[in-house]
Number of protein chains: 4
Amino acid sequence: MEREAADGVKETGRVEAFSDGVFAIAITLLILDVKVPELSDGAGTRDLLRALGRGWTSYVAYLLSFVTILIMWVSHHRIFTIVRKIDHAFLFWNGILLMLISFVPFPTALLSRYLLEPSARTAAAIYSGHAILISLAFQAMWRHATKTDRLLVPGSRHEVTRLTARYRFGPLMYVTTFALAFVSAWLSVGLCLVFTLFYAFQGLTHKG
Amino acid sequence: MEREAADGVKETGRVEAFSDGVFAIAITLLILDVKVPELSDGAGTRDLLRALGRGWTSYVAYLLSFVTILIMWVSHHRIFTIVRKIDHAFLFWNGILLMLISFVPFPTALLSRYLLEPSARTAAAIYSGHAILISLAFQAMWRHATKTDRLLVPGSRHEVTRLTARYRFGPLMYVTTFALAFVSAWLSVGLCLVFTLFYAFQGLTHKG
Amino acid sequence: MEREAADGVKETGRVEAFSDGVFAIAITLLILDVKVPELSDGAGTRDLLRALGRGWTSYVAYLLSFVTILIMWVSHHRIFTIVRKIDHAFLFWNGILLMLISFVPFPTALLSRYLLEPSARTAAAIYSGHAILISLAFQAMWRHATKTDRLLVPGSRHEVTRLTARYRFGPLMYVTTFALAFVSAWLSVGLCLVFTLFYAFQGLTHKG
Amino acid sequence: MEREAADGVKETGRVEAFSDGVFAIAITLLILDVKVPELSDGAGTRDLLRALGRGWTSYVAYLLSFVTILIMWVSHHRIFTIVRKIDHAFLFWNGILLMLISFVPFPTALLSRYLLEPSARTAAAIYSGHAILISLAFQAMWRHATKTDRLLVPGSRHEVTRLTARYRFGPLMYVTTFALAFVSAWLSVGLCLVFTLFYAFQGLTHKG
């Protein structure tokens with residue numbers, strides 16, 4: 001459990017537990033927008049398969065948002081192997097991040113509902129726009145945590161430099177998919193998907 | 001894990017974990033009332049943007065309740081840096097507090113649904129009324145915990161005095177927004193919003 | 001974290017964490033059945049208040065089930081101050097208990113929906129019937145845990161005797177409210193409410 | 001809390017906590033698809049009982065999926081008594097497993113909705129197909145964790161051999177129920193149910 005030290009910084013235990021809870025719930029609530037098709041009585045196998053097929057945008061949106069939140073959780077998780085004390089500003093940015101993560105089911109449902117409609121590009125732009133906000137909140141939290149050594153595990157400067165270089169790509173990536181959304185919703189969502197799956201699959205080949 | 005001591009007081013570990021769970025779930029369930037607009041097939045970008053715009057009361061209600069629950073969690077969290085043992089009465093007040101926090105999605109949905117209707121003031125009064133109950137339950141828990149030193153971390157009297165002065169503002173604030181609701185729903189909700197955001201932003205400037 | 005010992009018993013840490021999660025989620029999901037009334041546009045304050053008033057069965061059902069789950073959690077919690085090792089049968093009974101707790105939103109919604117209908121007694125009987133199942137699963141878990149000293153904290157026999165006497169009232173109580181449901185739904189639900197609130201309020205007067 | 005060691009492996013604490021959260025939420029969300037029947041006003045006891053009876057597919061689907069997720073949790077849990085360090089590939093497979101577990105409410109709702117319809121066999125095949133995916137993800141995680149001793153608790157080779165033999169039955173079982181679904185939905189679901197209940201009841205007779 002955390003105790004406040006003389007300089008106003010605290011241990012991280014319960015913040016991690018609460019954040020884990022919010023991440024775990026947000027990621028699990030995504031399934032509520034994957035709806036079972038409602039067919040009239042007596043509909044046969046072919047009708048059901050066709051109806052399930054028409055629901056593909058909701059499966060893609062589910063996959064995309066699940067993997068995105070999971071990657072955010074892994075990154076959040078990694079931060080806490082380096083940050084071992086927190087202060088009020090860190091709590092604030094963490095709160096903003098959690099609010100944006102909790103909000104993910106909304107742009108996800110929007111994308112799932114409108115990806116095949118004339119307004120697909122708007123839905124895709126909002127989806128990427130929300131992802132930009134998430135990556136910016138993450139950046140703000142990371143920068144605050146690492147600007148001095150006060151909150152860090154001793155000797156983690158080298159790792160901080162490595163991760164700072166890596167986390168820079170997040171906002172850049174989503175600004176790209178946001179811009180692409182004005183050209184084509186499919187290109188924008190496709191690139192989001194490639195990006196998140198690539199990042200997730202790295203886990204398989206990454207040494208160690 | 002907690003073990004009951006000879007005088008009937010216990011360690012706080014699992015109560016914190018359970019409370020964190022309830023806070024995390026209540027805060028994440030708020031998104032379920034931010035609904036994706038349902039447009040007829042073929043509706044274009046402009047229709048979608050207009051429909052999303054009309055949903056602004058649900059975004060404001062989401063923001064307000066998310067930040068309110070987050071602030072309550074931070075305060076709950078702070079209490080447990082001072083309280084290190086609990087008794088039955090403490091558990092009771094904590095239970096009341098958790099019940100009220102879990103109930104937040106209801107007044108939130110009410111506010112979101114009726115803020116633009118003739119009954120807006122009723123919805124705003126119920127929202128603030130519920131916030132009064134939350135702040136009173138919090139007060140009761142805090143007063144019970146701090147009336148003697150039995151449940152406290154040794155040497156925390158000074159911090160108790162400081163926090164008691166601070167927590168006094170909660171009920172006062174919500175009584176004000178409750179009274180204002182009978183004049184204007186907008187004034188009432190606006191002040192709630194200013195109050196919670198101010199409190200949250202303090203985190204950025206607060207030293208340490 | 002738990003490690004399996006030579007005799008097949010384990011530490012309890014992660015089972016407690018998982019159980020806490022299920023309790024916390026089940027208790028928080030109850031709010032999803034307290035619905036905001038849907039009025040036609042232009043409905044005024046009086047209409048809203050009247051519609052909210054008509055929803056009182058859902059508030060009562062919410063209160064009753066919230067307090068019931070909370071009491072079950074407190075008891076579950078107390079068991080783990082005495083049980084410090086678990087075996088397969090304990091895990092099994094705990095699983096049954098969690099399944100029944102997770103199911104609580106269903107009889108709650110049934111009660112809330114039909115308490116003012118001609119079928120109120122059926123709804124009340126199902127509600128109490130489900131509570132009987134919960135209390136029996138709890139009994140089975142408790143009896144398995146305490147029949148030998150193998151899983152207990154050393155020196156807890158006296159506390160076991162005290163709690164066994166106390167837990168005996170649960171099934172008896174709900175069998176009574178179940179039987180009463182065939183006479184009057186109101187009497188049955190009223191007694192459930194009195195029972196759970198009495199049990200919860202004990203916390204305030206209980207010494208220590 | 002986990003710290004990254006020199007060889008890129010980490011402690012398991014927070015991964016367990018996050019996974020527990022996802023399991024606990026997925027298992028508790030299943031109740032959202034057990035719907036209270038909606039009868040017209042004035043419907044009597046007999047109508048309600050008949051309507052509740054017609055909902056039996058949703059109770060069976062609830063029971064089946066609840067016990068399935070619970071068994072997966074127990075197994076996941078057991079893995080972590082043997083695995084005490086994790087690497088990126090383990091995290092990846094754990095992520096896939098959690099995504100599939102979170103998805104369970106969808107095939108469950110599908111089964112519940114279509115088990116009495118002409119398309120029942122499709123629903124049963126999808127249900128078992130999803131269970132195959134879960135058991136394969138579990139296998140992949142288990143094989144990765146146990147192929148060398150790097151991530152294991154020292155001296156757990158014997159237990160690994162025993163569990164590997166046991167876990168082999170999962171995919172085999174679900175391939176069987178998947179194939180059976182093309183013959184009869186009832187046979188397929190019945191066998192799933194027998195299998196999961198048998199596995200769960202083992203807990204009662206299992207020594208220790």
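Where a number appears in this text, it was derived from the coordinates with a stated rule and is not lab data. This is a predicted model, so every value here is computed, not measured. Methodologically, a virtual Cβ is constructed for each residue, glycine included, from the backbone with ideal geometry; neighbour enumeration extends over all protein chains shown.
What does the copy distance list look like for A:Val183, label position 7 Å along Cα→Cβ, in nm and ordered from shortest?
Listed shortest first, these distances are 5.5, 5.5, 7.7 nm.
I want the local charge near D:Ser40. Using Cβ-Cβ distances under 11 Å, sum +1 for each Lys or Arg and -1 for each Asp or Glu among the other residues.
Counting the neighbours of D:Ser40, the net charge comes to -4.
Testing the spin-label approximation: label points 7 Å from Cα along Cα→Cβ at A:Leu116 and C:Ala51. State their distance in nm.
Label-label distance for A:Leu116 and C:Ala51, simple model: 3.4 nm.
Using the Cα centre of the range B:104-183 as origin and beta-carbon charges of +1 (Lys, Arg) and -1 (Asp, Glu), tell me which of B:Ala131, B:Val183, B:Ala109 is placed farthest towards the positive end of the dipole.
Going by the Cα projections, it comes out as B:Ala131.
Where does chain A land at 222 nm, in deg cm²/dmol rounded to the nearest 500, when only DSSP H runs of n ≥ 4 count, each adding -39500 (n - 2.57), divided by all residues?
Counting only the DSSP helices, I get -24000 deg cm²/dmol.
Quick one: P(r) of the protein assembly as shown from all Cα-Cα pairs, 20 Å bins, percents rounded to integers, in order of increasing distance.
P(r) for the protein assembly as shown, in whole percents per bin: 14, 50, 33, 2.
Post the alpha-carbon centroid distance, the range C:107-180 to the range A:58-87, in whole angstrom.
After rounding, the separation between the Cα centres reads 40 Å.
Which ordering of A:Ile25, D:Ile101 is given by a fewest-first count of other beta-carbon atoms within 10 Å?
With the fewest neighbours first, A:Ile25, D:Ile101 line up as D:Ile101, A:Ile25.
Considering only the other residues whose Cβ falls under 11 Å of the Cβ of A:Arg166, what net charge follows from Lys and Arg at +1 and Asp and Glu at -1?
Once all neighbours under 11 Å are counted, the net charge is +2.
How far is A:Lys147 from itself in the other copies, in nm, if each label sits 7 Å out from Cα along the Cα-Cβ line, shortest first?
Ordered by increasing distance: 4.5, 4.5, 6.3 nm.
Rounded to the nearest 0.05, what FRET efficiency is calculated for C:Thr164 and B:Ala179 with R0 set to 41 Å and r the Cβ-Cβ distance?
After rounding to 0.05, the efficiency reads 0.20.
Taking the Cα centre of the range B:10-205 as origin, work out the dipole magnitude from +1 charges on Lys and Arg Cβ and -1 charges on Asp and Glu Cβ, in debye rounded to 20.
Dipole of the range B:10-205, to the nearest 20 debye: 620 debye.
Pairs of alpha-carbon atoms within less than 8 angstrom and 6+ residues apart define the contacts here; what relative contact order does chain C have, in percent?
23
Apply the a/c threshold of 1.5 to the C-alpha gyration tensor of chain D and tell me whether it is rounded, prolate or oblate.
prolate
Suppose you put the label 7 Å out from Cα in the Cβ direction; list, shortest first and in nm with one decimal, how far C:Thr164 is from each other copy's label.
Distances between equivalent label points, in nm: 4.6, 4.6, 6.5.
Can you compute the charge dipole magnitude of the protein assembly as shown about its Cα centre, using +1 on each Lys and Arg Cβ and -1 on each Asp and Glu Cβ, nothing else charged? Give it in debye, rounded to the nearest 20.
Charge dipole, the protein assembly as shown, about its Cα centre: 1180 debye, nearest 20.
In the structure displayed, which of C:Lys85/D:Lys85; C:Lys147/D:Lys85; A:Lys85/C:Lys35; A:Lys85/D:Lys85; C:Lys85/D:Lys147; B:Lys85/D:Lys35 lie more than 32 Å apart, Cα to Cα?
From C:Lys85/D:Lys85; C:Lys147/D:Lys85; A:Lys85/C:Lys35; A:Lys85/D:Lys85; C:Lys85/D:Lys147; B:Lys85/D:Lys35, over 32 Å: C:Lys147/D:Lys85; A:Lys85/C:Lys35; B:Lys85/D:Lys35.
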